[in-house]
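A.B. asks: Once you've had a glance at the structure underneath, I'll fire off some questions.
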Amino acid sequence: MTFPQERPRRLRRTEILRSLVRETDLSPGDLVYPLFVRPGRGVRQEIASMPGLYNLSVDEAVAEGQEARSLGLPAVLLFGIPPAKDAKASGAYDPHGIVQEAVAALKKQVRDLLVMADVCLCEYTDHGHCGVVQGDEILNDPTLELLAKTAVSQARAGADVVAPSDMMDGRVAAIRRALDQAGFEQVPILSYAAKYASAFYGPFREAAQSTPKFGDRRSHQMDPANAREAVREALLDIGEGADMVMVKPAVPYLDVIHRVRQAVQVPVAAYHVSGEYAMLAAAAQNGWIDRERVLLESLYSIRRAGADLIVTYCAKEAARLLRR
Ligand code: PBG
């Protein structure tokens with residue numbers, strides 16, 4: 001059968017018809033809202049390259065968590081900007097570190113909010129690298145112990161999910177073992193399994209003050225030219241005990257999200273990253289694109305590619321749009 005019998009436009013005529021046959025859904029319940037937490041009280045410091053987003057003191061992060069929850073968002077993902085940095089990333093696993101304090105406050109003061117903690121050392125090392133450094137090398141195995149300590153201290157503070165983003169080999173196994181030994185066998189791991197060495201992280205590094213002082217992250221994060229390798233990374237992480245796997249960035253890597261979705265049985269997350277946010281915000285500020293429509297289209301594309309959950313700086317905005 002073909003034209004004139006076949007007329008796909010029949011099902012596009014009205015919004016009610018379009019919504020009846022829509023293949024993909026998107027709801028606030030799919031979204032995770034990242035927060036950058038810093039020391040102080042009453043601090044809300046706008047991030048220059050991410051207009052509308054802030055570095056927050058713990059009390060302000062609690063207010064933000066409450067607002068997120070009231071908009072129907074299920075979860076926040078925490079990043080910390082510590083008061084001091086050193087070569088061992090002590091601030092990452094300090095029982096009273098900035099993320100540990102924020103986790104505890106959010107769990108105590110916001111009802112029914114899932115609190116996820118990013119596990120990486122780059123915000124806490126004085127050189128800005130994701131691990132222990134010797135000369136110009138980022139050492140893999142000595143880093144694992146620090147990552148495991150970080151995850152355990154976050155779980156002890158009350159984190160519901162730990163999310164390692166460092167891309168060291170073997171870190172999921174090391175974290176799983178350490179969590180289990182400490183009695184946190186119920187805490188799931190969301191691993192950033194396919195995290196690319198991406199220039200789309202630029203604004204994040206401004207926000208988290210985590211730009212490496214020398215070199216780059218290409219010795220551990222993935223080559224943007226590779227896609228098969230992402231499936232390998234995801235399968236390895238699941239083998240080591242990851243409960244969910246993430247692909248990052250999102251829109252420039254939709255094919256990767258799709259491949260990983262087809263290869264695994266666990267939930268797949270995608271991180272709509274800082275550079276994606278910055279491009280959207282800048283183009284919209286200039287009046288060059290319709291911010292709301294481009295945002296929803298981007299989020300739909302990520303869901304269509306196969307992501308179950310999306311980490312996005314636009315979570316609050318999207319939740320408002322989806323509720324209208
Ligand atoms: C920490 C980390 C980064 C991001 C998430 N976790 C930065 C990096 O790898 O340099 C990037 C998030 C974003 O750009 O929104 N390693």
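A.B. asks: For the range 195-219, name all the residues that are among the acidic types (D, E) and either within 8 Å of the ligand (Cβ to nearest atom) or within 17 Å of the chain's Cα centre (by Cα) (or both).
C.D. replies: E206
A.B. asks: Oh, and also: Could you give me the residue pairs with C-beta distances under 7 Å whose first residue belongs to the range 169-198 and is touching a residue at least 60 places away in the same chain (Cβ under 8 Å) and over 18 Å from V231 (Cα atoms), whose second residue is open to solvent by 20 Å² or more (accessible area, probe 1.4 Å) and part of a helix (DSSP H, G or I) wherever it lies, and which are 6+ apart or on separate chains?
C.D. replies: Cβ pairs passing all conditions: R176/E240.
A.B. asks: Within the range 4-20, is even one residue open to solvent by 80 Å² or more (accessible area, probe 1.4 Å) and polar (S, T, N, Q)?
C.D. replies: The answer is yes, given that some residue of the range 4-20 is open to solvent by 80 Å² or more (accessible area, probe 1.4 Å) and polar (S, T, N, Q).
A.B. asks: In the list E229, E240, E206, which residue meets the criterion of being touching a Lys or Arg at 6+ places or on another chain (Cβ under 7 Å), surrounded by fewer than 23 Cβ atoms within 10 Å (Cβ to Cβ), acidic (D, E) and farther than 30 Å from R111 by Cα?
C.D. replies: The conditions single out E240.
A.B. asks: Select from the range 139-175 the residues that are within 16 Å of the ligand (Cβ to nearest atom) and not aliphatic (A, V, I, L, M) and list them in ascending order.
C.D. replies: N140, T143, T150, Q154, P164, S165, D166, D169, R171
A.B. asks: Sticking with this one: For the range 260-300, which positions are open to solvent by less than 10 Å² (accessible area, probe 1.4 Å) and farther than 20 Å from P203 by Cα?
C.D. replies: Within the range 260-300, V260, V264, V268, A269 meet the criteria.
A.B. asks: Out of (1) within 11 Å of the ligand (Cβ to nearest atom); (2) surrounded by fewer than 19 Cβ atoms within 10 Å (Cβ to Cβ), what's the single condition that is false for Y192?
C.D. replies: The single condition Y192 does not satisfy is (2).
A.B. asks: Considering the range 243-252 alone, what residues qualify as being under 26 Å from L144 (Cβ atoms), open to solvent by 10 Å² or more (accessible area, probe 1.4 Å) and within 16 Å of the ligand (Cβ to nearest atom)?
C.D. replies: Answer for the range 243-252, where residues must be under 26 Å from L144 (Cβ atoms), open to solvent by 10 Å² or more (accessible area, probe 1.4 Å) and within 16 Å of the ligand (Cβ to nearest atom): M244, K248.
A.B. asks: Go through the range 273-296 and give me each residue that's part of a helix (DSSP H, G or I), touching a helix residue (DSSP H, G or I) at 6+ places or on another chain (Cβ under 7 Å) and away from the ligand (no atom under 16 Å from the Cβ).
C.D. replies: Of everything in the range 273-296, those that are part of a helix (DSSP H, G or I), touching a helix residue (DSSP H, G or I) at 6+ places or on another chain (Cβ under 7 Å) and away from the ligand (no atom under 16 Å from the Cβ) turn out to be A284, R291, E292, V294, L296.
A.B. asks: State all residues of the range 161-192 that are closer than 20 Å to K248 by Cβ and in contact with a Lys or Arg (Cβ under 9 Å, 6 or more places away or on another chain); if no residue qualifies, say none.
C.D. replies: Listed by number, the residues that qualify are P164, S165, D166, M167, I189, S191, Y192.
The values are calculated or read from the model by the stated rules, or taken from the named source; none is laboratory data. Treat the numbers as computed from the prediction; the structure is a model and nothing was measured. Note that we place each Cβ from the backbone using ideal geometry, even for glycine, and neighbour counts take in every protein chain shown. The protein model used for the area step is the full one, side chains on, heavy atoms only, and it has no ligands, DNA or RNA in it. Shrake-Rupley method; radii C 1.70, N 1.55, O 1.52, S 1.80 Å.
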